[in-house]
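Student: Could you have a look at this structure, given as structure tokens, before my questions?
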């Protein structure tokens, strides 16, 4: 996964989603952008063909979990079961992830030992767009809306996870367009 030091690297959490992931993929293709998708195993099992679409488009597939568990608030044995289940699902589809984005970025007691055991690099973000709550381009900080060439890892969503307050992903599509124009 690119480190985001010299350019922005877009990442998408909480998918795949049958309605929104294909729309996000089309928008990324329109701009020639390659991203990383941190997927949930439970959602992959409900729509397995989407994992193939993501991979075929040249995007990296990373682990987000099986369900969307808060590692801080979940017992270590449950976090382990969740991680093992998600990895098994991805491996059945020929995906061996090396990057792991934790739900809400929250690390718990089991997180680092599991990352070491399974050879997963924990990936956080430099800029959270808050697209999950409906934030658009004008809601982003001025420093992000200008082409300052600082780079960074950008958090977006191709599905609605727990706590999401928006009605869809239209604002995410707008953010992709504006990022491509401003930082492209």
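The values are calculated or read from the model by the stated rules, or taken from the named source; none is laboratory data. Nothing here was measured: the structure is a model prediction, and the numbers come from that model. Note that we place each Cβ from the backbone using ideal geometry, even for glycine, and neighbour counts take in every protein chain shown.
Student: Please verify whether residue 115 is out of contact with any helix residue (DSSP H, G or I) (no Cβ under 7 Å at 6 or more places or on another chain), surrounded by fewer than 20 Cβ atoms within 10 Å (Cβ to Cβ) and within 19 Å of residue 35 (Cβ to Cβ), treating the condition exactly as stated. Please lay out each step first, then the result.
Tutor: Details: out of contact with any helix residue (DSSP H, G or I) (no Cβ under 7 Å at 6 or more places or on another chain): yes; surrounded by fewer than 20 Cβ atoms within 10 Å (Cβ to Cβ): yes; within 19 Å of residue 35 (Cβ to Cβ): no.
Criteria not met by residue 115.
Student: Kindly indicate which of 27, 23, 91 is more than 26 Å from residue 144 (Cα to Cα) and either more than 15 Å from the chain's Cα centre (by Cα) or not in a strand (DSSP E or B) (or both). Let's see the steps before the verdict.
Tutor: Details: 27 fails: more than 26 Å from residue 144 (Cα to Cα); 23 fails: more than 26 Å from residue 144 (Cα to Cα).
Of 27, 23, 91, the one residue that is more than 26 Å from residue 144 (Cα to Cα) and either more than 15 Å from the chain's Cα centre (by Cα) or not in a strand (DSSP E or B) (or both) is 91.
Student: Determine if region 82-98 includes at least one residue that is surrounded by fewer than 19 Cβ atoms within 10 Å (Cβ to Cβ), in contact with a strand residue (DSSP E or B) (Cβ under 8 Å, 6 or more places away or on another chain) and at pLDDT 95 or above.
Tutor: For region 82-98, residues surrounded by fewer than 19 Cβ atoms within 10 Å (Cβ to Cβ), in contact with a strand residue (DSSP E or B) (Cβ under 8 Å, 6 or more places away or on another chain) and at pLDDT 95 or above: present.
Student: Going residue by residue through region 36-45, is there one that turns out to be assigned to a helix (DSSP H, G or I), modelled with pLDDT under 95 and under 17 Å from the mean Cα position of the chain (by Cα)?
Tutor: Applying the first criterion (assigned to a helix (DSSP H, G or I)) to region 36-45 yields 41-45.
So of that shortlist, the ones also modelled with pLDDT under 95 come out as none.
Checked region 36-45: no residue is assigned to a helix (DSSP H, G or I), modelled with pLDDT under 95 and under 17 Å from the mean Cα position of the chain (by Cα).
Student: Also, quick follow-up: Out of all the residues in region 48-67, which are modelled with pLDDT of 95 or more, surrounded by fewer than 19 Cβ atoms within 10 Å (Cβ to Cβ) and closer than 13 Å to residue 16 by Cα? If you could, list the steps in order and put the result at the bottom.
Tutor: Step one: of region 48-67, the residues modelled with pLDDT of 95 or more are 49-67.
Imposing the further condition that a residue be surrounded by fewer than 19 Cβ atoms within 10 Å (Cβ to Cβ) reduces the set to 49, 52-53, 55-58, 67.
Listed by number, the residues that qualify are 49, 52, 53, 55, 67.
Student: Within 19 Å of the chain's Cα centre (by Cα), crowded, with 17+ Cβ neighbours inside 10 Å, without any contact (Cβ under 8 Å) to a residue 24 or more places away in the chain and within 20 Å of residue 64 (Cα to Cα) - does that describe any residue in region 126-141?
Tutor: Yes: region 126-141 contains one or more residues that are within 19 Å of the chain's Cα centre (by Cα), crowded, with 17+ Cβ neighbours inside 10 Å, without any contact (Cβ under 8 Å) to a residue 24 or more places away in the chain and within 20 Å of residue 64 (Cα to Cα).
Student: I'd like to verify a number: residues in region 103-150 that are out of contact with any strand residue (DSSP E or B) (no Cβ under 6 Å at 6 or more places or on another chain) and not in a helix (DSSP H, G or I), how many?
Tutor: Qualifying residue count, region 103-150: 18.
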